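Q: Structure provided below as structure tokens; questions to follow.
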Amino acid sequence: MAEKKTETTDVAVHEEASVPIVGGELFDMGDQMEGVEAQLPQIKIAHQAQMFIFPDGKKVETFCGVILDMNRTNAYWAESFEESGGGTPPTCLSLDGLIPEPRSEDIQSPANSCLDCPQNKFGSGKKDGKACKNMKRIHILVDGSMMPYRLTAPPSNLKAVDLYVSLLTSQGIPYQLIETEFSLRSTQNKDGIEYSELHMRNCGQAPMIHSAEDAQKMKDLIVQWKGVMRGEMITENEV
């Protein structure tokens, strides 16, 4: 297990992006971000390769980190990827999975509710699926990073995420205070199409949590980033 954590540290952050040892603590990161629209780094899932792709392009089979926050999101595109050529924002989206975002180009629900939206019903999409993509954003603090990384779980992985969180909750364990190992398992859907299923495992207490003061610092970090974690608009590159 120790060797695996060492490997994930190497891939989680660009080597050239490491904080300089000399004088790094003298500079205020808040000042540096003033006027900058924060862009959270994305961790992608390469389903066929069964690997995670980090922002630097490196691919790993597994990595570890602390989950800071997670929330459901919805996104609907009127045109398919083949029709649009990619890179277009969703026609309609929700950042909480409940209410369409007012900034959406064309809100699909007459009742302004995702639960009642015709695009969010089974049968509205291909092969009896939903036209609207129900996803879950998982924000993770990886070793060596001062900001959350985002892993977006697609519709096929929602049950796996919910099962893990439910198990932790039943044991009275906050996911923000433990280290989680992320890996992928090959599986098939009902049509026989193979995809990578997200698997998460509790690795014990988070390495940066040693006291109640450390736990409070983690809580403060989550509060600091929550607006960005839950407020960034969805793009096709995230899906």
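Q: Residue under question is Glu101, and the condition is that it be in a loop (DSSP other than H, G, I, E, B), touching a strand residue (DSSP E or B) at 6+ places or on another chain (Cβ under 9 Å) and surrounded by fewer than 16 Cβ atoms within 10 Å (Cβ to Cβ); does it hold?
A: no
Q: Turning to a different aspect of this structure: Six or more apart or on different chains, Cβ under 6 Å: which pairs go from a residue in segment 38-50 that's farther than 13 Å from Phe182 by Cβ to one that's at pLDDT 90 or above and in a loop (DSSP other than H, G, I, E, B)? Could you list them?
A: Leu40/Pro148; Pro41/Pro55
Q: Which of the strands (runs of 3 or more DSSP E) found entirely inside segment 135-239 contain at least 1 residues meeting this: over 22 Å from Pro55 (Cα atoms)?
A: 178-188, 194-205
Q: Then there is this: From the residues in segment 43-61 that are surrounded by fewer than 16 Cβ atoms within 10 Å (Cβ to Cβ) and in contact with a Ser or Thr (Cβ under 9 Å, 6 or more places away or on another chain), which one is nearest to Lys219 (Cα to Cα)?
A: Residue satisfying both the conditions and the ranking: Glu61.
Q: For Ile209, which of the numbered conditions (1) modelled with pLDDT under 95; (2) in contact with a Pro (Cβ under 9 Å, 6 or more places away or on another chain); (3) of a type in the set (A, V, I, L, M, F, W, C) fails to hold?
A: Single failed check for Ile209: (2).
Q: Out of everything in segment 184-239 that is touching a helix residue (DSSP H, G or I) at 6+ places or on another chain (Cβ under 6 Å) and of a type outside the set (A, V, I, L, M), what residue ends up being farthest from Gly97 (Cα to Cα)?
A: The selected residue is Tyr195.
The values are calculated or read from the model by the stated rules, or taken from the named source; none is laboratory data. Nothing here was measured: the structure is a model prediction, and the numbers come from that model. Every residue, glycine as well, gets a Cβ built from its backbone with ideal geometry; the counts of neighbours run over all protein chains shown.
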